[in-house]
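Undergrad: Here's a structure for you.
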Amino acid sequence: MIRTLFWIWYGVGALLLIWFGIPESLSFSNGLFLVFYGAYAAHLLSSGQAWPFMSDWSVISVERRRKLSMWRAAGLIWMGGMAVEWVGVHSGRLFGEYHYSSVLGPLLFGVPVTLGFAWIAVVCNAVLISYDFGQRGLRLLLLRAVQVGFWTVLLDLVLDPVAHARNFWHWEGVGGFYQVPWSNFGGWLIAGAALSMLLPAVPVTCLAARRGTRLYQAILILFGLISLTEGLPACAVIAGLGTALAEGSLRYAGSRQVGKL
């Protein structure tokens with residue numbers, strides 16, 4: 001259900017964002033897109049975690065435990081994401097000086113409530129395309145955190161300049177990357193890596209990794225195309241490179257995880 005809903009919303013939204021623009025009467029759809037993206041990414045991760053099954057009778061119990069663990073972690077990421085955004089908006093630390101408009105939904109202490117879902121989306125999506133290298137436990141958490149930090153920053157190099165150009169949020173001052181301060185990307189690296197530590201240290205299946213890669217690529221392509229309409233060619237180049245890099249990572253992981261379906 002959430003998969004179908006997300007891709008329909010994505011398709012219609014892409015047409016409007018790239019060629020026609022979002023009518024003011026449909027401005028609420030921007031925030032809903034973040035909610036659907038977050039729900040779909042969390043769903044993919046929840047259903048794609050490779051938990052060991054001890055016996056046939058334990059399948060239902062493990063399934064419930066897996067989903068409960070995943071959605072509890074998603075709730076913590078929502079709160080953590082809202083917290084770092086609140087700190088960023090009110091102190092200028094971590095991400096730089098910026099403030100939000102109401103385009104993404106109602107504000108809670110200066111932060112759109114949908115931003116928590118955006119953090120769920122980018123973190124869960126990045127975990128889906130991070131390779132475990134056969135590690136488990138704390139080693140997997142740390143290794144995954146480094147990769148999540150990288151994938152979230154790569155996405156933000158495309159997303160933030162476009163969001164600024166479309167007035168989703170506003171940066172103070174000049175300089176940086178298309179008026180987005182370089183400190184912002186360092187903040188994304190730290191926040192993305194830290195929030196990923198809230199998720200269970202469980203590897204994902206090849207199927208989940210493939211679907212997660214397609215989702216990540218779709219977001220990059222969407223914002224890459226929008227960047228061309230906003231006169232941000234470097235973002236489009238990064239989107240293309242990121243799409244290719246995610247595909248290469250998937251193929252590498254697939255060659256190392258034969259039989260892990």
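Undergrad: To the nearest 10 degrees, how steep is helix 182-196 against the longest Cα principal axis of the chain, on a 0 to 90 scale?
TA: Taking Cα atoms only, the helix is inclined about 30 degrees.
Undergrad: What is the dipole size for the chain, taken about its Cα centre, with +1 at each Lys and Arg Cβ and -1 at each Asp and Glu Cβ, in debye to the nearest 20?
TA: In total the dipole reaches around 1100 debye.
Undergrad: Still on this structure, please answer the following. Could you calculate the FRET efficiency of F150 with I22 from 1/(1 + (r/R0)^6), where r is the beta carbon distance between them and R0 is 35 Å, rounded to 0.05?
TA: Efficiency computed from Cβ-Cβ geometry: 0.70.
Undergrad: Got the relative contact order for the chain handy, in percent, Cα pairs under 8 Å and 6 or more residues apart? Walk me through the numbers before you get to the answer.
TA: Details: 367 pairs, mean separation 60.8, N = 261.
The value is 23 percent.
Undergrad: Over the range 58-196, average the accessible area per residue using a 1.4 Å probe and give it in Å², no decimals.
TA: Value for the range 58-196: 43 Å² per residue.
Undergrad: Let me ask something additional. Residue farthest toward the positive end of the dipole of the range 132-198, with Cβ of Lys/Arg at +1 and Asp/Glu at -1: which of A163, V180, L195?
TA: L195
Undergrad: Using the Cα centre as the reference, give the magnitude of the dipole from point charges on the C-beta atoms of the range 122-217 (Lys, Arg: +1; Asp, Glu: -1; all else neutral), rounded to the nearest 20 debye.
TA: Charge dipole, the range 122-217, about its Cα centre: 440 debye, nearest 20.
Undergrad: For Rg and Dmax of the Cα atoms in Å, pick the label among (1) 18.0, 61; (2) 22.0, 75; (3) 19.3, 58 that corresponds to the value derived from the coordinates.
TA: Read-out taken from this structure: (1).
Undergrad: If I fit a long axis through the Cα atoms of helix 28-48 and take the longest principal axis of the Cα atoms of the chain, what angle between them do I get, 0 to 90°, rounded to 10?
TA: Rounded to the nearest ten degrees, it is 20.
Undergrad: What ranking, highest mean first, results for peptides 195-202, 150-157 when packing means the other Cβ atoms within 10 Å averaged over each residue?
TA: By packing density, highest mean first, the sequence is 150-157, 195-202.
Undergrad: Using the Cα gyration tensor of the range 136-237, with a ≥ b ≥ c the square roots of its eigenvalues, what is the shape: rounded (a/c below 1.5), prolate (a/b larger than b/c) or oblate (neither)?
TA: oblate
The values are calculated or read from the model by the stated rules, or taken from the named source; none is laboratory data. Bear in mind the structure is a predicted one, so any value in this text is a computation, not a measurement. Heads up, the Cβs are rebuilt from the backbone with ideal geometry, glycines too, and the neighbour counts pull from every protein chain shown. Surface accessibility is based on the protein's heavy atoms, side chains included, excluding ligands, DNA and RNA. Shrake-Rupley method; radii C 1.70, N 1.55, O 1.52, S 1.80 Å.
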